[in-house]
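K.L.:
Let me give you the structure first, and then I'll get to my questions.
The values are calculated or read from the model by the stated rules, or taken from the named source; none is laboratory data. Remember, predicted model here, so these are calculated numbers, not experimental data. Don't worry about glycine lacking a Cβ; one is built from the backbone with ideal geometry, like all the others, and counts go over all protein chains shown.
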Amino acid sequence: MTKPDFKPTLEPGTNERQTTRAVLPDAVYRNMLSRLSKSRKPAPIRHLFPYESEPGMISMLAGKPNTSVFPFVSLTVKVRPSNPRIDDSLTDLSLDGQDLAVALQYGATSGTPELVKWLTDLTCHLHGSQLDEGWRVTIGSGSQDLLYKTFAALVEVDDIIFLESPTYPGVLPIVQALGCNIIEIPSDADGIDPASMASLLTDWPKDKPYPKLLYTIPFGSNPSGSTTTLSRRLEVLRLAREYNFLILEDDPYYHLYYGDIPQPPSYFALERKVNGELGRVLRFDSFSKIVAGGLRLGWATGPEVLVNAIDLHGSSSNLQASGMSQMLVLRLLRHWGIEGFLAHTAMCAQFYREKRDLFEQYLQKHLKGVAEWSPPNASMFYWIKLRLPASMKAENIKNDEGDSLLFLTEKAIPGGVLVLPGECAYADGRRICNVRLSFSLLDEGSMDEGLRRLGSLLRE
Ligand SMILES: Cc1ncc(COP(=O)(O)O)c(C=O)c1O
């Protein structure tokens with residue numbers, strides 16, 4: 001199998017000129033902050049942390065414990081090479097001395113500075129960003145943590161927000177609890193559909209405030225598996241600029257793109273490639289799918305005012321992401337360098353591409369005629385429209401195509417196959433015949449048997 005080209009590119013006809021561009025003024029973001037965020041005070045001790053590293057400073061500031069009383073003296077992990085198919089030798093990476101002391105101690109809310117710098121350099125490398133454009137990086141306990149803090153910083157009761165639909169089930173409890181008005185923007189195999197957003201915005205009532213933000217998952221969306229095409233991204237960005245909303249780009253599958261066409265640029269990169277001001281995009285990245293979910297590390301990148309608001313929340317909640325996780329990842333990244341990191345993520349993408357191909361084979365074998373789907377180009381999900389029997393139609397809903405939740409509880413679970421019912425991915429909780437199938441963990445035998453079971457239940 002040929003290795004896909006993972007380098008982000010532009011389709012012909014797009015303006016590729018890189019210029020120093022006007023950055024949105026801070027006041028734009030300040031006006032968007034929620035009352036909660038505006039009223040949050042800096043944590044008194046953390047606020048003074050930066051002075052500790054001033055040359056000659058003797059600090060009696062923080063109640064930091066002395067790490068010499070901690071039981072850990074050194075830690076060694078064995079790591080696989082970036083591409084274990086070419087070379088299967090393991091390398092020992094050790095954490096001790098100053099690195100271990102940093103890992104074990106309280107640290108900055110925005111993250112271990114060297115790791116923040118590494119991720120900042122990675123952003124410049126991957127998205128073409130420059131350092132003087134008013135953005136910065138902060139590290140959180142997974143992107144979930146950062147998403148939670150971001151929505152809390154931006155969204156007020158009665159605010160209007162756009163959500164790509166279907167959407168990541170994990171984001172719904174966050175936004176629903178905030179009491180905002182959620183407008184679901186449909187997506188299909190080409191990702192979010194800006195045309196429906198445009199028609200809503202064109203006919204927007206004069207007395208109603210425009211939406212504050214759009215939340216979208218541009219690569220291998222969870223649960224739809226779809227990747228938003230470049231032309232749709234350009235239109236989404238155009239609308240964001242015209243109607244003054246932010247784009248929250250939740251991108252944990254950015255590195256798991258394996259499509260046949262070159263990877264489209266992120267919104268964060270696109271902003272720089274298309275004329276107009278910068279600063280509409282807040283990105284969320286994660287180590288969960290490429291290094292380890294259990295380390296709980298993600299990072300947010302975007303306008304400083306917004307990232308400061310995230311950190312202010314952090315400084316009064318979890319204080320910081322795990323220092324041990326950060327140092328472990330930093331040690332790995334020092335060992336890899338950016339090239340090694342990208343070789344590793346390319347290997348991950350290739351792994352999922354092969355899984356996708358195998359899964360597709362068994363979908364064709366068992367579900368043809370009883371379901372419809374489009375193969376994903378990134379991540380680990382298939383969004384499958386089941387042709388459900390009449391008995392699986394939700395009560396009181398006329399002309400519906402069936403209820404996958406009913407199918408799950410009455411047929412699939414008793415039949416020994418577990419799928420995610422589509423209703424979990426809609427803010428309005430609509431009953432729908434789609435299900436999300438995750439193929440990441442299945443070996444070939446389980447794919448064959450799992451899909452055989454599903455097919456025969458649908459044919460019953
Ligand atoms: C779209 C999306 N966003 C965020 C997350 C949470 O990721 P993390 O483990 O970085 O918190 C997930 C996890 O599955 C996800 O699919």
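K.L.:
Among the residues of the range 41-51, are any aliphatic (A, V, I, L, M) and outside any loop (DSSP other than H, G, I, E, B)?
P.N.:
Yes.
K.L.:
Looking at Ala321, Ala371, Ala378, which one is more than 16 Å from the ligand (Cβ to nearest atom), surrounded by 15 or more Cβ atoms within 10 Å (Cβ to Cβ) and in contact (Cβ under 8 Å) with a residue 40 or more places away in the chain?
P.N.:
Exactly one residue qualifies, and that residue is Ala371.
K.L.:
Considering only the range 392-406, I want to know if a residue exists there that is assigned to a helix (DSSP H, G or I) and within 14 Å of Met447 (Cβ to Cβ).
P.N.:
no
K.L.:
Now for a different question. What about Gly293, is it surrounded by fewer than 19 Cβ atoms within 10 Å (Cβ to Cβ) and more than 14 Å from the ligand (Cβ to nearest atom)?
P.N.:
no
K.L.:
Right, next: Pairs, please: C-beta under 7 Å, at least 6 apart or cross-chain, first residue more than 15 Å from Cys348 (Cβ to Cβ) and in the range 279-296, second near the ligand (Cβ under 7 Å from one of its atoms) and of a type in the set (Lys, Arg)?
P.N.:
From the range 279-296, no pairs qualify.
K.L.:
For the range 57-83, what are the residues that are of a type in the set (Lys, Arg) and not in a loop (DSSP other than H, G, I, E, B)?
P.N.:
Lys78
K.L.:
Please give the number of the condition Phe284 fails out of (1) touching a Pro at 6+ places or on another chain (Cβ under 6 Å); (2) aromatic (Phe, Trp, Tyr); (3) within 16 Å of the ligand (Cβ to nearest atom).
P.N.:
If we test Phe284 against (1) touching a Pro at 6+ places or on another chain (Cβ under 6 Å); (2) aromatic (Phe, Trp, Tyr); (3) within 16 Å of the ligand (Cβ to nearest atom), just (1) comes out false.
K.L.:
Restricting to the range 180-214, name every residue that is hydroxyl-bearing (Ser, Thr, Tyr) and either assigned to a loop (DSSP other than H, G, I, E, B) or surrounded by fewer than 13 Cβ atoms within 10 Å (Cβ to Cβ) (or both).
P.N.:
Within the range 180-214, Ser199, Thr202, Tyr210 qualify.
K.L.:
Would you call Met392 under 30 Å from His255 (Cβ atoms), of a type outside the set (D, E, K, R), surrounded by 14 or more Cβ atoms within 10 Å (Cβ to Cβ) and touching a residue at least 12 places away in the same chain (Cβ under 8 Å)?
P.N.:
So Met392 fails the test.
K.L.:
Which members of the range 167-222 meet the condition of being under 20 Å from Ser34 (Cα atoms), among the hydroxyl-bearing types (Ser, Thr, Tyr) and more than 20 Å from the chain's Cα centre (by Cα)?
P.N.:
Tyr210
K.L.:
Please work out which residue is surrounded by the fewest Cβ atoms within 10 Å (Cβ to Cβ), limiting yourself to the range 416-442 and to residues that are over 19 Å from Pro376 (Cβ atoms) and among the charged types (D, E, K, R).
P.N.:
Per the criteria, the residue is Asp428.
K.L.:
Out of curiosity, is Ser74 in contact (Cβ under 8 Å) with a residue 24 or more places away in the chain, loosely packed, with under 13 Cβ neighbours inside 10 Å, away from the ligand (no atom under 16 Å from the Cβ) and of a type outside the set (A, V, I, L, M, F, W, C)?
P.N.:
Yes, satisfied.
K.L.:
Any chance you could count how many residues in the range 254-269 are within 11 Å of the ligand (Cβ to nearest atom) and either surrounded by fewer than 20 Cβ atoms within 10 Å (Cβ to Cβ) or farther than 19 Å from Met380 by Cβ (or both)?
P.N.:
0
K.L.:
Which one is surrounded by the most Cβ atoms within 10 Å (Cβ to Cβ) among residues in the range 145-179 that are within 16 Å of the ligand (Cβ to nearest atom) and of a type in the set (D, E, K, R)?
P.N.:
Out of the qualifying residues, it is Glu164.
K.L.:
Scan the range 167-217 for residues that are in contact (Cβ under 8 Å) with a residue 40 or more places away in the chain, in contact with a strand residue (DSSP E or B) (Cβ under 6 Å, 6 or more places away or on another chain) and under 15 Å from Trp383 (Cα atoms) and jot them down.
P.N.:
Result: Ser187, Ile192, Ile217.
K.L.:
Also, I was wondering about something else. Determine the pairs where a residue that is charged (D, E, K, R), located within the range 302-317, has a partner that is assigned to a helix (DSSP H, G or I) with Cβ atoms under 6 Å apart, the partner being 6 or more residues away or on another chain.
P.N.:
none
K.L.:
Taking the range 132-179 only, how many residues are among the acidic types (Asp, Glu) and part of a helix (DSSP H, G or I)?
P.N.:
1
K.L.:
Here's a follow-up. Can you work out which of the residues in the range 84-131 that are part of a loop (DSSP other than H, G, I, E, B) and without any contact (Cβ under 8 Å) to a residue 60 or more places away in the chain is surrounded by the fewest Cβ atoms within 10 Å (Cβ to Cβ)?
P.N.:
Ser89
K.L.:
Looking at Arg85, Arg21, Arg40, can you tell me which residue is within 21 Å of Gly140 (Cβ to Cβ) and among the charged types (D, E, K, R)?
P.N.:
Answer to the selection: Arg40.
K.L.:
Looking at Arg272, Arg280, which one is closer than 18 Å to Leu24 by Cβ and crowded, with 22+ Cβ neighbours inside 10 Å?
P.N.:
When all the criteria are applied, what remains is Arg280.
K.L.:
Which residues, taken from the range 288-347, are more than 18 Å from the chain's Cα centre (by Cα) and small (Gly, Ala, Ser)?
P.N.:
Matches in the range 288-347: Ala309, Gly314, Ser315, Ser316, Ser317, Ser322, Gly323, Ser325, Gly337, Gly340, Ala343.
K.L.:
Tell me, yes or no, whether the range 162-172 has at least one residue that is in contact with a Lys or Arg (Cβ under 6 Å, 6 or more places away or on another chain), more than 20 Å from Ser288 (Cα to Cα) and modelled with pLDDT of 95 or more.
P.N.:
No: zero hits.
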